[in-house]
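Below is one structure; the comments refer to it alone.
The values are calculated or read from the model by the stated rules, or taken from the named source; none is laboratory data. Note that the structure is predicted; figures quoted are calculated from it, not measured. No Cβ is skipped: glycine too gets one built from the backbone with ideal geometry, and neighbour counts run over all protein chains shown. In case anyone asks, the SASA skips ligands and DNA or RNA and just uses the protein heavy atoms, side chains included. Shrake-Rupley method; radii C 1.70, N 1.55, O 1.52, S 1.80 Å.
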Amino acid sequence: MAPKGKAGTKGKKQIFEENRETLRFYLRIILGASAVYAVVNLVIFYPAASAWTWLAFVFSSVVYGTSYRSMNSMAKPSFAEDGSLADGGIDLNMEQGMAEHLKDVILLTAMVQVLSCFSLYVWYFWLLAPGRALYLLWVNILGPWFTADSSPAGQEPNEKKQRRQERRQMKRF
């Protein structure tokens with residue numbers, strides 16, 4: 001059963017602690033997936049490693065680095081001169097926030113990277129990320145913009161004016 005009333009807000013310290021735990025969790029995922037990929041493809045199967053294997057590793061490292069760095073800068077806390085916490089940073093666990101999309105990119109890359117130990121064709125699944133970005137762009141920005149009503153809202157007659165016009169038309173007939 002969902003609690004009734006207004007949803008509770010988080011304090012600065014709680015946001016700070018949760019952000020730190022979230023960053024730690026995703027850093028472990030990044031390091032674990034990269035380690036598995038490196039050990040399997042670049043150590044065990046080193047003779048079979050092609051330029052594509054190295055390119056995939058560099059690509060995933062760049063994706064991890066930019067995503068993690070963005071999340072880290074979003075969660076950066078600010079402290080007062082006396083050392084107390086002034087701001088806990090942006091809540092990384094907030095629903096429908098930019099951090100949610102960055103976390104999805106990290107998880108998708110980790111899954112693709114580990115599964116690509118079996119076949120490099122698994123990297124095609126990474127095309128889901130730009131596909132989702134295009135979908136969100138269409139649903140949130142382009143779609144409403146293209147389908148928006150071009151008439152200004154001020155020109156729409158209100159109910160009284162509409163009834164008056166209908167009565168006038170009825171009198172004419």
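Quick notes on this structure:
- Using a cutoff of 8 angstrom between alpha carbon atoms and counting only pairs six or more residues apart, the relative contact order for segment 1-122 works out to 36 percent.
- Tilt relative to the chain, helix 128-137 - C-alpha long axis, 0 to 90 degrees, to 10: 20 degrees
- Percent carbon-and-sulfur accessible area, the chain, ignoring ligands, DNA and RNA, probe 1.4 Å: 63 percent
- Mean-square fluctuations from a GNM of the chain, with a 10 angstrom spring cutoff on Cα atoms, peak among 14, 113, 162 at 162.
- Radius of gyration and maximum dimension Dmax of segment 18-173, Cα, Å: 26.2, 92
- Magnitude of the charge dipole, the chain, Cβ model with Lys/Arg +1 and Asp/Glu -1, debye to 20: 1220 debye
- Residue-normalised accessible area of the chain, expressed per residue, 1.4 Å probe, Å²: 76 Å²
- Prolate/oblate/rounded label for segment 88-155 (Cα gyration tensor, a/c 1.5): oblate
- Over segment 52-161, Cα pairs under 8 Å with separation of 6+ residues give a relative contact order of 19 percent.
- According to the calculation over all Cα-Cα pairs in segment 64-113, the P(r) per 10 Å bin from zero is 25, 42, 23, 8, 1 %.
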